[in-house]
Amino acid sequence: MSANSSSTAAALALIADDMRGMDAVIDLRLKSEVPLVSQVSQYIVAAGGKRLRPALLLLMCGVLGYRGEQRFNLAAVVEFIHTATLLHDDVVDESTLRRGRATANEAFGNPASVLVGDFLYSRAFQMMVEVGDMRVMQTLAEATNVIAEGEVLQLMNMHDAGLSEADYLRVIRSKTARLFEASARLAALLAGSSAPVEQCCADYGQALGTAFQVIDDVLDYDGDVSEMGKNLGDDLREGKATLPLIIAMQRGTPEQQEIIREAIETGGTDRMPEIITIVQQTGALGATRDAAAQEATRALEALQVLPQNQYSIALRDLASQLLERRS
């Protein structure tokens, strides 16, 4: 997220101590008597990233004034669940590059990645049970289940050139936005917030997560591989009909539609330069960014109901500047 790194850096600076508290929990709970478990877990956790999901939980705790120790534990739980999904995702997608270095499956093999992903899921559930709050467990259990459904749905949609915008949004709301939503909701649960406040937190998280994924899909056709840390065209290679391609199919000439359809159905990237040109010429990138802008606006509207302080300002900046994201 280089173009809006100032807003991200400012938000993360606010919760720097909290993130260190979460890191201490992660270090403690990644320990295993099985060396490979610790090795693979540390490898992917050390890969970095902005850790937006636990950061969202910690920032929302700041908005709501919750300073209890459980925020560190649940932030770590969220990061474990996300890390587990990455491990499994990269195996399913046969990805070789993430955040500028080899994926865990590339470095350690598919079996290790899948099994260590299982370890992280189960460790996360151990930790959430320790919180002793049924609503917390319900939120995380439902989120994890919906994410898994989203993964299966995406698998079913692979190489489907007829995928609709509604079907696309259903996948990303399940697969990506749901953990953002859960992260924000957990802060409200920890803070003992009212139902309306809890819903506004959840709405912010879902909208932010949706906008984040939509922009991510733009970058597969309009990004800098050196900044992104992944290969351009990966989505197409996997047969994913993302929003830029769906809109380009709607707006393109019959010839352009056929080029995109064939690429989605075969996972072929031989004509990637042509496809990028089509996506640009049809205005699909701009239209996709507009769709992300609508989600960002929805996130900002949800924030207006919440207490106004330095944390809510940071969340506002995250949503408004997300649209400038280039990596």
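All of (1) closer than 22 Å to Ser174 by Cα; (2) in contact (Cβ under 8 Å) with a residue 12 or more places away in the chain hold for Gln199 with one exception: (2). Suppose the filter is surrounded by fewer than 19 Cβ atoms within 10 Å (Cβ to Cβ) and without any contact (Cβ under 8 Å) to a residue 40 or more places away in the chain; does Gln257 pass it? Judged against the criteria, Gln257 is a match.
The one condition from (1) more than 27 Å from Leu318 (Cα to Cα); (2) at pLDDT below 90; (3) surrounded by fewer than 20 Cβ atoms within 10 Å (Cβ to Cβ) that Arg29 does not meet is (2).
Which residue out of Glu274, Glu255 is over 25 Å from Ala292 (Cβ atoms) and either assigned to a loop (DSSP other than H, G, I, E, B) or modelled with pLDDT of 90 or more (or both)?
Numbers: Glu274 fails: over 25 Å from Ala292 (Cβ atoms).
Unique residue meeting the criteria: Glu255.
The set of residues in segment 155-188 being assigned to a helix (DSSP H, G or I), touching a residue at least 40 places away in the same chain (Cβ under 8 Å) and surrounded by fewer than 20 Cβ atoms within 10 Å (Cβ to Cβ) consists of Leu155, Asn157, Glu165, Leu169.
Here is a yes/no grid of residues against (1) touching a helix residue (DSSP H, G or I) at 6+ places or on another chain (Cβ under 8 Å); (2) in contact (Cβ under 8 Å) with a residue 40 or more places away in the chain; (3) hydrophobic (A, V, I, L, M, F, W, C):
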residue	(1), (2), (3)
Gly267	yes, yes, no
Arg271	yes, no, no
Ala292	yes, yes, yes
Leu300	yes, no, yes
Gln304	no, no, no
Leu318	yes, yes, yes
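Select from segment 277-289 the residues that are modelled with pLDDT of 95 or more and among the small types (Gly, Ala, Ser) and write down the one among them that is surrounded by the fewest Cβ atoms within 10 Å (Cβ to Cβ). It comes out as Gly283. Among residues of segment 23-42 that are without any contact (Cβ under 8 Å) to a residue 24 or more places away in the chain, those with a Cβ under 9 angstrom from a residue that is assigned to a loop (DSSP other than H, G, I, E, B), sequence gap 6+ or separate chain, pair up as Ser38/Leu30; Ser38/Lys31; Ser38/Ser32; Gln42/Leu30.
In the set (1) touching a helix residue (DSSP H, G or I) at 6+ places or on another chain (Cβ under 8 Å); (2) at pLDDT 90 or above; (3) hydrophobic (A, V, I, L, M, F, W, C), the condition left unmet by Leu323 is number (2).
The values are calculated or read from the model by the stated rules, or taken from the named source; none is laboratory data. Because the structure is a prediction, the values reported are computed rather than measured. Note that we place each Cβ from the backbone using ideal geometry, even for glycine, and neighbour counts take in every protein chain shown.
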